[in-house]
Every structure is written in structure tokens, then in C-alpha cells.
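A.B. asks: My structure is below; once you've seen it, I'll send some questions.
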Amino acid sequence: MSLQAPAIPPDIQSQPLTLDAISHSYGDALAVNEVTLEVRAGELIALLGPSGCGKSTLLRIVAGFINQTSGRVVIADRVVDALPPNRREVGIVFQSYALFPHMTVAENIAYGLEARGESKTTCRERVKEMLATVRMEGFADRKPRQLSGGQQQRVALARALAVRPRILLLDEPFAALDKNLRLDMQIEIKRLQRQFGLTAILVTHDQDEAMSIADRIAVMSKGRIEQLGSPVEIYDQPETLFVNDFIGSSNRFAGVIESAGEGAYSVRLASGALWQVTSRKPFAPGDRVVATIRPEQLVLTDEATAGSIPVTLKLSLPIGGELIHDVETRSGEAFKVAAGRRPGEPASPMAATHCALAPHARPILFPQPAA
Amino acid sequence: MSGAATGETAGVEWRLAAPLGLTYLAFFAAPLLILLVMSFSVDDNLGGFSLAAWAKFWGDPFYRGVVWDTLRLGLVTVAMTTLFAYPIALLFIASGPGLQRLLLFIVLLPLLTSVVIRTFAWIAILSREGVLNQALLALGLTTAPLNLLQTELGLVIALMQIEMPLMLLPLITVMRQIDPSLSDASRALGGSKWRTFRKVILPLSLPGWIAGATLVFASATTAFISQTVIGGARLVYLPTLIWQQAMVVYNWPFAAVASVTLLVAVLAGVSLFAMLGRFARTA
């Protein structure tokens, strides 16, 4: 059966990758600032951040296209800094796929094998095997321009994996794909990465991509890793305001610590509401803080409850199975509340007058950033 | 797209092209026809019919040699410009915007000077007492000054500099459009720099090279000023021959035969490169 994935090739072994205090500057501009990251064998780590955060530079350093200003890249206990890109055994899938337009699909896949001096028979067999792996049998003689975006990406993956790389680098691989195709390809890449036991780095600015396929996410900003953790940790326990704002959507409320004890704090918000918040960070009574809360951890009510904020409902948007409410406090602070929508429920169900924390809500406290 | 619409468009396009078309007809096609008739004439009054001029031209090994020398000059100039243009084009696409502007200026410089001045400058460089020979003598690389003027080597060197922009501009234009991540992909897949050039950059840059080679070939084979001033009396190419026959000997039918021959030879060379282009696209 052609749909059945071949077993893991026996000659493949996962290799760990370590970035050791890597810094890189372009002229005076520091693009990567002392980044240390240990990628475990067989793990997929996403470097997630806005453009210009240094994630692509880091990827190019691992591939060997850029020589870092300082620090070391270690693949399987071997420092590879002195090796040119063609000797690092790193597979890359580019955003543009970078398929050779003058070669057929088969020639593209065989390129790396021929460069390594593999025999014609090995090349032919490996090409066949890789085409089966990415479910593209029958496309061997097509030119890249005759393929759809998703098919091109499958070929790019097959080409990168044909040489049995030790590390797989994915540079914004889904950016050029339709939304519907994107999820399919994410599943496909995750499947192949597991099947080949590859240690992989995914560079992306799209949090959904990172969330869906990464084992761990390194959120980057201004050349540094702000936080490294599992997708759930990053979402539920952001360590900095930057991570909090960059991942998912979030509401900010200014407040002051009223009382503190054993990691539990009472926070008086500007609207007058008093929230009980737990935090591992130390705060003292009187500290000015920012309390953040995800829209789905807030509920709208039509009566005042403990810790509720009096609000006006401005607008409700039905987004699929969710309702996003745009609300405003008396003092004019705007924020969002998300709630599941029952089938048949209209977009504006009620005249809400108050907003309260959901029972499971976990607001997060951050020190007030210096203005 | 309906048939009526295309017919209408075609009509409009034809009328728009009419002024230039008529100009070409009167000042290009008609003189060409006169030239062809002249080559079969007895004298310069277009009188009579004779194959004498054609027989004399193609029967004489000297004139056949001139045709061959002219074609070879074109091919050697194309080969030499190619050899020097690729490294410059590779340097260009690898450079930052500042260096690119400087390189482009240097490349275009020959086009900004008059052909006559450029050619005389090459005499100053290539002559026995010239800059090149003095440098070679001073460095001890040669004991006697090299004879470069009135040699094919000297002519090719001069033509190469003069024609370089014609090769480089199309080559750079095409090479700039090659996705830089293709080189990265080749390198990451284990390809050496040389393999990356040979298997990826070179085939993808071929359309630019073919355009450049066509221009350089057509231009080098017909470069009358450079051929006469640097080649002198010792080297005779078709343009020089035509000038001698038409303006010195006043044998117009014979000059017409040489002209038609030059035209066909250049067209043959140009179509050869065009054919290579079609082959490269389908391959």
C-alpha cells in the first residue's frame, strides 16, 4: 500500500544540537545576543518572534551561511563552526522552497545525493523512496513550476531529507501556503520529523504554527530568547510582558498591589475592582503592576459580583464558534472578552453591565514597565 | 477573448507600428534590396547581370580567409568576454548596494566614451612604447616589448573592454533575478561552490549570456573602427574590406558581395546563439 509510511530507515540516529552563547552583529547592529539553546535529539524547537528578532540570523548561523561573531554551534558533541555549509549535513526547507527550476522533481531530490557522490542506483532508489515518503509518486518528471505550492513543499522536504541530514531547519515553511493547506503541511512535517527522528528548528513569526508542531518554543525578541518552554507553558505562564502580548491575545489592566503574602496578592485595579492573584514573582504592597488576562478567562454578567468591573458592551463579533466581545470600562479602557457561542445564539445576546473573572481564570502580574 | 476583439487590437497595433515600419521600408529594406541587386551587377549603375563578383569573392582563398577571420574574431571575443564577465557578474550579485553602484558605473564607463577615443586609448596602452609593455618590462616579465598592435590578441583585448557592457548588462539582469536561496539550497545539500555555480547559477543565467553573446558577436564582427585602428593594415576583416572596395577601389559590386556576406555571416552567428537559447529553455 502506497499510503503506508515506510518504517524509520535504520541508518538514522537523532542528534542533539547546542547553541552555545551565540552572538552576531551586522556592523554595529547586534542581531543575535548571547543565545544559548539546547535542542534535544529528535526534538522540534520553534524560534518564534517578530521580524528582526534574530531568529533567521540564528538559523543561517546553524546552516553555516553566516559565521557568528562569537559562540559555538555544536551538533552531536562536535563543534561545526569551521565547517562550510556543504559539510554540515543540515537539511533546510526554505520559505520560497528554493527548488531548482531547471530540474525535474527527481533531479531536485537527487541533487544532494549526487553532490555526495552516491551511485546512480542509490540515487534512483532513494528518489523513489523519498517520493513515496512525501506521497508524490508519479510526479518525478514534472518541473517545479508545474506543481502547486503544497506539492512544491513536499518536494522541498523530500530533497532535504534524501541526504539523511542530522538536523532539519525549517525557515518559515508555511508562510506561502493557503490557510487550509497550512494545517495539512504542518501535520505532514511533524509526521516526517518524527518518522526520521530529526532534530529540528522551525523559524516562524506565526504563533499558531509554532504552537501546533513545536515540542518547545523559544520566543525571541531583539536578539535574545525571552522565554523557552512548551507551547502550553508559553501561553499560560508568559514570563515577560513581551511574551504575554506576542502570544495569543491578552488584556492589560493597570493596578496597585494592596496586600501581599506567600505568593498571593490582592490587586486594586484602576476601575476599583479587587482581584486575588497568585504569582511567583515578588511584589510589595504599593507596587504598581500590570495584570493581564486572556479574553477567554473573562465572563460578561448583568449584575455586579466580587471583583467584577462595570463595563459597557460596544460590539460583539461572531467568529466561528466563538463570540468576541469588545467592551469598555467606565474610565475608557477597552478590552476583549471571548466566549463559546451556542448554535443559533445571536451575536449580541445580552445587555451586559459587568465583567468578571471566570472561575478558572489565572491573571498574570507583571511589574509596571517604565514609561 | 473573442475573435472580433483580437482583430481590432491587431489593427490598432499595426497602425501604431506604421511610422517606424515605413521608415524601415524606405531606409533599410529598400537599400538592402539595392545592395543585393548591386552584388549581381556588372558596374555601379546596377546595369546588367553577372555572377563575376560572387565568383571572384568566393573563388579567392584570401577573401574566404577574411570571412573566416571575421567570424573567428566574433567567437573569440564572445569567449573572452564570457570568461571575464562571469566573475564580475558573480561579484556584482554578491555585493551590497554601494559596491553594486560602483561596479555598474565601471561596467558602463566604456559606453560613456566615444569609440574613437576608446580605441586610441588602447593604442596608447598596447603599442611597443605603451603602458602595458613598459609595465611588463619594468616587472621583468619580458625582455623585449611585445607586439600587440596589429595582432588578433591586441584587437580582442581592446574589443573585450569595449564590448564588456553588452555582455555584462543582460547577464547581471538575469543573474539578479535568480533566487539567492537556490545557492543556499545547493550548498546545504552538500554542493561545493563550484558545483553550485556549474549546476545552478550557470544554467539559470544562460538566457542572459545568450543575449549578451549575441550582442557581443554582432558588435565585434562589425567593429570597423577598432578593427582598422588596432588591426591596422595587417589584419583585414570584412568591414575593412568593404570600405576598401567601396571607397578606395570603387568596385561597388564586389563591395556589395562582401556586405551581403557580412550580413549573412552575422545573422548566422546570431541565429546560432538564438538556437542555443531555445535549446537551453527546453532542456
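A.B. asks: Check region A:197-205 and report whether any residue there is touching a helix residue (DSSP H, G or I) at 6+ places or on another chain (Cβ under 6 Å), in the same structural domain as A:ASN33 (by TED's automatic domain parsing) and under 23 Å from A:GLN237 (Cα atoms).
C.D. replies: Checking region A:197-205: at least one residue is touching a helix residue (DSSP H, G or I) at 6+ places or on another chain (Cβ under 6 Å), in the same structural domain as A:ASN33 (by TED's automatic domain parsing) and under 23 Å from A:GLN237 (Cα atoms).
A.B. asks: Find the helices (runs of 4 or more DSSP H) located wholly in region B:24-95 whose residues include 1 or more that are under 18 Å from the mean Cα position of the chain (by Cα), and list them.
C.D. replies: The qualifying helices (runs of 4 or more DSSP H) are B:61-94.
A.B. asks: Give the residue, chosen from B:ILE178, B:ILE230, B:ILE242, B:ILE225, that is within 30 Å of A:TYR97 (Cβ to Cβ) and β-branched (Val, Ile, Thr).
C.D. replies: Exactly one residue qualifies, and that residue is B:ILE178.
A.B. asks: Here is a list of conditions, (1) farther than 18 Å from A:GLY42 by Cα; (2) surrounded by 24 or more Cβ atoms within 10 Å (Cβ to Cβ); (3) in contact with a Lys or Arg (Cβ under 9 Å, 6 or more places away or on another chain), and A:HIS205 meets all of them except one; can you say which number that is?
C.D. replies: Evaluating A:HIS205 over (1) farther than 18 Å from A:GLY42 by Cα; (2) surrounded by 24 or more Cβ atoms within 10 Å (Cβ to Cβ); (3) in contact with a Lys or Arg (Cβ under 9 Å, 6 or more places away or on another chain) leaves (2) as the failure.
A.B. asks: Going by the structure shown, is A:VAL134 facing another protein chain (nearest Cβ under 9 Å) and farther than 26 Å from B:LEU206 by Cα?
C.D. replies: no
A.B. asks: Next question, about the same structure. In this structure, does B:ALA138 turn out to be touching a helix residue (DSSP H, G or I) at 6+ places or on another chain (Cβ under 8 Å) and either modelled with pLDDT under 90 or surrounded by 17 or more Cβ atoms within 10 Å (Cβ to Cβ) (or both)? Break it down into steps so the answer makes sense when it comes.
C.D. replies: Working: touching a helix residue (DSSP H, G or I) at 6+ places or on another chain (Cβ under 8 Å): no; either modelled with pLDDT under 90 or surrounded by 17 or more Cβ atoms within 10 Å (Cβ to Cβ) (or both): yes.
When the stated conditions are applied, B:ALA138 does not pass them.
A.B. asks: Can you give me the number of residues within region A:73-129 that are in contact with a helix residue (DSSP H, G or I) (Cβ under 8 Å, 6 or more places away or on another chain), at the interface with chain B (Cβ under 8 Å from one of its Cβ atoms) and charged (D, E, K, R)?
C.D. replies: The total comes to 1.
A.B. asks: What are the residues in region A:67-90 that are of a type outside the set (D, E, K, R) and in contact (Cβ under 8 Å) with a residue 60 or more places away in the chain, if any?
C.D. replies: A:ILE75, A:ALA76, A:VAL90
A.B. asks: Pick from B:LEU136, B:LEU148, B:LEU159: which is away from chain A (no Cβ under 11 Å) and assigned to a loop (DSSP other than H, G, I, E, B)? Give the steps one after another, and end with the answer.
C.D. replies: On the way: B:LEU136 fails: assigned to a loop (DSSP other than H, G, I, E, B); B:LEU159 fails: assigned to a loop (DSSP other than H, G, I, E, B).
Testing whether each residue is away from chain A (no Cβ under 11 Å) and assigned to a loop (DSSP other than H, G, I, E, B) leaves just B:LEU148.
A.B. asks: Looking only at region B:255-266, decide whether some residue is in a helix (DSSP H, G or I), within 25 Å of A:ARG145 (Cβ to Cβ), under 25 Å from the mean Cα position of the chain (by Cα) and more than 14 Å from every other protein chain (Cβ to nearest Cβ).
C.D. replies: Looking through region B:255-266, none of the residues is in a helix (DSSP H, G or I), within 25 Å of A:ARG145 (Cβ to Cβ), under 25 Å from the mean Cα position of the chain (by Cα) and more than 14 Å from every other protein chain (Cβ to nearest Cβ).
A.B. asks: Here's a check for you: in region B:189-204, which residue that is hydrophobic (A, V, I, L, M, F, W, C) and out of contact with any Leu (no Cβ under 8 Å at 6 or more places or on another chain) is nearest to A:GLN95 (Cα to Cα)?
C.D. replies: Within region B:189-204, the match that is nearest to A:GLN95 (Cα to Cα) is B:LEU189.
A.B. asks: Next question. Please report, ordered by residue number, the helices (runs of 4 or more DSSP H) entirely within region B:164-242 with at least 2 residues that are within 14 Å of chain A (Cβ to nearest Cβ) and either acidic (Asp, Glu) or farther than 30 Å from A:LEU168 by Cα (or both).
C.D. replies: B:202-221
A.B. asks: Can you give me the ranges of the strands (runs of 3 or more DSSP E) entirely in region A:294-371 with at least 1 residues that are surrounded by 13 or more Cβ atoms within 10 Å (Cβ to Cβ), in contact with an Asp or Glu (Cβ under 9 Å, 6 or more places away or on another chain) and touching a residue at least 12 places away in the same chain (Cβ under 8 Å)?
C.D. replies: Here the list reads A:309-319, A:322-329, A:334-340, A:354-357, A:364-367.
A.B. asks: To continue, here is another question. When you look at A:GLU188, is it touching a Phe, Trp or Tyr at 6+ places or on another chain (Cβ under 6 Å) and either more than 14 Å from chain B (Cβ to nearest Cβ) or in a strand (DSSP E or B) (or both), yes or no? Steps first, please.
C.D. replies: Numbers: touching a Phe, Trp or Tyr at 6+ places or on another chain (Cβ under 6 Å): no; either more than 14 Å from chain B (Cβ to nearest Cβ) or in a strand (DSSP E or B) (or both): yes.
Judged against the criteria, A:GLU188 is not a match.
A.B. asks: Could I ask something else about it? Just one of A:ALA156, A:ALA176, A:ALA160 is among the small types (Gly, Ala, Ser), within 14 Å of another protein chain (Cβ to nearest Cβ) and either farther than 17 Å from A:ILE109 by Cβ or exposed (fewer than 15 other Cβ atoms within 10 Å of the Cβ) (or both); which is it? First the steps, then the outcome.
C.D. replies: Working: A:ALA156 fails: either farther than 17 Å from A:ILE109 by Cβ or exposed (fewer than 15 other Cβ atoms within 10 Å of the Cβ) (or both); A:ALA160 fails: either farther than 17 Å from A:ILE109 by Cβ or exposed (fewer than 15 other Cβ atoms within 10 Å of the Cβ) (or both).
None of the others qualify; the one that does is A:ALA176.
A.B. asks: Can you name the condition, by its number, that A:ASN67 falls short on among (1) more than 9 Å from chain B (Cβ to nearest Cβ); (2) of a type outside the set (A, V, I, L, M); (3) buried (at least 20 other Cβ atoms within 10 Å of the Cβ); (4) touching an Asp or Glu at 6+ places or on another chain (Cβ under 8 Å)?
C.D. replies: All conditions are met except number (3).
The values are calculated or read from the model by the stated rules, or taken from the named source; none is laboratory data. All values derive from a computational prediction rather than experimental measurement. Counting neighbours? That spans all protein chains shown, and the Cβs are built from the backbone with ideal geometry, glycine included.
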